[in-house]
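See below for the structure under consideration.
The values are calculated or read from the model by the stated rules, or taken from the named source; none is laboratory data. Quick caveat: nothing in here was measured; it's all calculated off a predicted structure. Neighbour counts run over all protein chains shown; Cβ positions are idealised from the backbone, glycine included. Keep in mind that these areas ignore ligands, DNA and RNA; they rest on the heavy atoms of the full protein, side chains included. Shrake-Rupley method; radii C 1.70, N 1.55, O 1.52, S 1.80 Å.
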Amino acid sequence: MKRDEIVSVLNDLIEVCKDGEKGFTACLEDASDRHFELKAMLADRQLAYAQAATELQELVRFFGSDPEDSGTVTGALHRGWVNVKTAIVGKDDEIVLAECKHGEDAAIRAYRKVQAYDLPIDIRMVIERQLQNTIDNNELIKTLHEDIKVSA
């Protein structure tokens, strides 16, 4: 791949990470205080996305380009929908987790799309690690969602 193509792919993932960071921040605000493990997971995931974005931004700078520093319009619209939904229904942890899962599913799709590109091995390793973290977290969200459903 050419330098500009690599930068474009990385910038697309930065936007995904920024969406994830902002999405988990919004979900953290919308979650109730009843489930400590949920709040801890949301805070941890928000930080993980911030770190992933920073790591990708450093790679873009390495290529001599300016990295993205914001998310997508779609991500902003989704966060707005979550805020409206929780404003109407109230702080409902099942809704929060369902929206987290929706966001993680979108991130996994974006990372898997990038796997198809012929990227340098060092960049591929970063992307593979970040994808695996997202997949692992998606499984945790499913488990928490089931646990909260059962305890409700």
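Right, ASN133: surrounded by 13 or more Cβ atoms within 10 Å (Cβ to Cβ), more than 12 Å from LEU13 (Cα to Cα) and in contact (Cβ under 8 Å) with a residue 60 or more places away in the chain or not?
yes
Does ILE148 meet the test of being among the β-branched types (Val, Ile, Thr) and at pLDDT 90 or above? Lay out the reasoning, then the answer.
On the way: among the β-branched types (Val, Ile, Thr): yes; at pLDDT 90 or above: no.
No; evaluated as a whole, the condition is false for this residue.
Could you go through segment 75-87 and let me know if any residue there is open to solvent by 50 Å² or more (accessible area, probe 1.4 Å) and at pLDDT 85 or above.
No, segment 75-87 contains no residue that is open to solvent by 50 Å² or more (accessible area, probe 1.4 Å) and at pLDDT 85 or above.
If TYR49 satisfies all but one of (1) of a type outside the set (Asp, Glu); (2) open to solvent by less than 20 Å² (accessible area, probe 1.4 Å); (3) modelled with pLDDT under 95, what's the number of the condition it fails?
Condition not satisfied by TYR49: (3).
Just to be sure I understand the filter: pairs with C-beta atoms under 8 Å, separated by 6 or more residues or on different chains, first member in segment 88-104 and at negative phi and among the β-branched types (Val, Ile, Thr), second member at pLDDT 85 or above and outside any helix (DSSP H, G or I). Which pairs pass?
Between residues of segment 88-104 that are at negative phi and among the β-branched types (Val, Ile, Thr) and residues that are at pLDDT 85 or above and outside any helix (DSSP H, G or I), the close pairs are VAL96/ALA31.
Anything in segment 13-46 that is in contact with an Asp or Glu (Cβ under 8 Å, 6 or more places away or on another chain) and either open to solvent by 40 Å² or more (accessible area, probe 1.4 Å) or not in a helix (DSSP H, G or I) (or both)? List them, or say none.
GLU15, ALA31, SER32, ARG34, HIS35, LYS39, GLN46
So the check is Cβ under 8 Å with 6+ separation or different chains; which pairs have a first residue in segment 10-34 that's within 23 Å of MET125 (Cβ to Cβ) and a second one that's open to solvent by less than 40 Å² (accessible area, probe 1.4 Å) and aromatic (Phe, Trp, Tyr)?
Correct list of pairs: LEU13/TYR111; VAL16/TYR111; CYS17/TYR49; LYS18/TYR49; GLY20/TYR49; GLU21/TYR49.
When you look at ASP122, is it surrounded by fewer than 19 Cβ atoms within 10 Å (Cβ to Cβ) and within 16 Å of ALA52 (Cα to Cα), yes or no?
Yes.
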